[in-house]
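Everything on this sheet refers to the single structure shown next.
The values are calculated or read from the model by the stated rules, or taken from the named source; none is laboratory data. None of these values were measured; they are calculated from a predicted model. We place every Cβ from the backbone using ideal geometry, glycine too, and count neighbours over all the protein chains shown. In case anyone asks, the SASA skips ligands and DNA or RNA and just uses the protein heavy atoms, side chains included. Shrake-Rupley method; radii C 1.70, N 1.55, O 1.52, S 1.80 Å.
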Amino acid sequence: MIRSNIGDRIFIVFIYIFLTLLAFSAFYPFWNSLVISFNEGMDTSKGGVTFWPRQFTLENYKVVFEDSRLMNGFVIAILRTVIGTVSSIFATSIFAYGMSKRELMGRKYYMIMCIITMYFGGGLIPSYMLLRNLGLFNSFWVFIIPALVGVWNMIIFRTFFQGLPQGLEESAKIDGSGNWGIFFRIIVPLSGPVIATLSLFTAVNHWNEWFVASIYITKEELMPIQTILRQILFSNIASEQLANVDASSIAHINAAKKITSKSLTMATVMVATIPIICVYPFLQRFFVKGVLVGSLKE
């Protein structure tokens, strides 16, 4: 057993204190936003609401969930995340499986073309004109089709596939399996960790992405929650929503007096953030195994 001296112990204590403060600085903004979302808006405007709601209320969330525009954006975000993740992982993994074959003619050329797209792009205006000419303007599929294949994910998939034993595929071919059978019956079941990890990364990207809708979508019914949230943060839509609260109900009037733009914004942030956070614990165990195996093997 190696004994540590006083200097080592002091250093370890310092490291623990530093990491604790670092973790606190990262977690506190989220916690404070959560606290404000559960606190009465007029009370929050007085200041001093830090670690716990001073006047607890659910009215902020009630306004959010009663707003059809916000809830429609929530549904669009869920559909985009689920469909976009499944289709992207499916298309990217198939592309990567083909690129992992050394006998593929022009494989190096295809790889160079893919890598070039990681560093150079046509720009916003050519992309806008292309998607408009393809009929994707004001279409739900503008969220899905342009993001079908990610080059970085393809490289990770390809590297992972190349690390699998060649004897598995050779045995399957002897048994009469074709390329599709080998891919779905052998390759996919063995690729669980990397599929789970890249699925999470893709889902988070789809859930948090707001720029595409702000450029290619003008219909409110196709706006995802993140784009709506951005509009709330930058154009004071929250104040307009408060003015539209049903004035025929006394309870609603009294509730509206307790709600401010900031409290409603924080409630919307929580509604848009917590669902994707809940996915992490279920896939966390795949992170190291999936990403490192798929990126370090040659």
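Close amide H partners of N39, meaning residues 5 or more places away or on another chain with modelled amide H under 5 Å apart, are T57.
On full extension, the segment bounded by I6 and S139 gains 41.4 nm, given 0.36 nm per residue less the C-alpha separation.
Solvent-accessible area per residue in region 35-139 equals 60 Å², computed with a 1.4 angstrom probe and all protein chains kept. In angstrom, the C-alpha Rg and Dmax of the chain are 24.9, 76. Its relative contact order, with pairs defined as Cα atoms under 8 Å and 6+ residues apart, puts the chain at 31 percent. Each of Y109 and F27 was given a label point 7 Å from its Cα along the Cα-to-Cβ line. The distance between the two points is 5.5 nm.
For the chain, the number of Lys pairs with C-alpha atoms closer than 17 Å, counting only pairs eight or more positions apart or on separate chains, is 9. Over the chain, dividing the summed -39,500 (n - 2.57) contributions of all DSSP H runs of at least 4 residues by the number of residues returns a 222 nm mean residue ellipticity of -21000 deg cm²/dmol. The angle separating the long axis of helix 6-37 from the principal Cα axis of greatest extent in the chain is about 60 degrees.
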